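Peer 1: Before anything else, here's the structure in question.
The values are calculated or read from the model by the stated rules, or taken from the named source; none is laboratory data. The shown structure was predicted, so the numbers you read here are calculated from the model rather than taken from an experiment. Cβ atoms come from the backbone with ideal geometry, glycine included; neighbour counts cover every protein chain shown.
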């Protein structure tokens, strides 16, 4: 694209416009995804603050749905995976915690009697 700049003020305006566009593009590229935690019961992702609210509610719902099943189809309560702190200050490795929670959630899936797929219970 060829642009003809007529005067010094036009060139300053164009430089400011280009700078503004590039600066906004840079800021959009710098958006940081907040860390999420996977629920060990349902496998959905939640924020680090809301997971402590979600888990008791999810476990309560799990118990309600499990109690509706016939006795021979009831499953044992899902256990929260234990992940040891990796730092001296007691911080957890979020990736290890999420991997253990995802595996736990996958173990909650029920196989279909007809096909080879696994489903969450309703």
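Peer 1: Taking the conditions exactly as written (outside any loop (DSSP other than H, G, I, E, B), in contact with a strand residue (DSSP E or B) (Cβ under 7 Å, 6 or more places away or on another chain) and either within 30 Å of residue 111 (Cβ to Cβ) or at pLDDT below 70 (or both)), does residue 26 satisfy them or not?
Peer 2: Numbers: outside any loop (DSSP other than H, G, I, E, B): yes; in contact with a strand residue (DSSP E or B) (Cβ under 7 Å, 6 or more places away or on another chain): no; either within 30 Å of residue 111 (Cβ to Cβ) or at pLDDT below 70 (or both): yes.
Considered against the rule, which asks whether it is outside any loop (DSSP other than H, G, I, E, B), in contact with a strand residue (DSSP E or B) (Cβ under 7 Å, 6 or more places away or on another chain) and either within 30 Å of residue 111 (Cβ to Cβ) or at pLDDT below 70 (or both), residue 26 comes out as no.
Peer 1: Tell me, which residue of segment 53-64 that is surrounded by fewer than 12 Cβ atoms within 10 Å (Cβ to Cβ) and out of contact with any strand residue (DSSP E or B) (no Cβ under 9 Å at 6 or more places or on another chain) is farthest from residue 100 (Cα to Cα)?
Peer 2: Among them, the one singled out is 64.
Peer 1: From the set of residues in segment 62-80 that are more than 17 Å from residue 111 (Cβ to Cβ) and part of a loop (DSSP other than H, G, I, E, B), which is nearest to the chain's Cα centre (by Cα)?
Peer 2: Among those that are more than 17 Å from residue 111 (Cβ to Cβ) and part of a loop (DSSP other than H, G, I, E, B), it is 80.
Peer 1: Only one of 77, 82 is modelled with pLDDT of 85 or more and exposed (fewer than 14 other Cβ atoms within 10 Å of the Cβ). Can you tell me which? Lay out the reasoning, then the answer.
Peer 2: Details: 82 fails: modelled with pLDDT of 85 or more.
Exactly one of 77, 82 is modelled with pLDDT of 85 or more and exposed (fewer than 14 other Cβ atoms within 10 Å of the Cβ), namely 77.
Matching residues to (1) surrounded by 11 or more Cβ atoms within 10 Å (Cβ to Cβ); (2) modelled with pLDDT of 70 or more:
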| position | (1), (2) |
| --- | --- |
| 11 | yes, no |
| 17 | no, yes |
| 35 | yes, yes |
| 39 | yes, yes |
| 49 | no, yes |
| 66 | yes, yes |
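Peer 1: Can you find even one residue in segment 99-110 that is in contact with a helix residue (DSSP H, G or I) (Cβ under 7 Å, 6 or more places away or on another chain) and either at pLDDT 80 or above or closer than 19 Å to residue 56 by Cα (or both)? Let's see the steps before the verdict.
Peer 2: The initial filter retains those residues of segment 99-110 that are in contact with a helix residue (DSSP H, G or I) (Cβ under 7 Å, 6 or more places away or on another chain), namely none.
Taking every residue of segment 99-110 in turn, none turns out to be in contact with a helix residue (DSSP H, G or I) (Cβ under 7 Å, 6 or more places away or on another chain) and either at pLDDT 80 or above or closer than 19 Å to residue 56 by Cα (or both).
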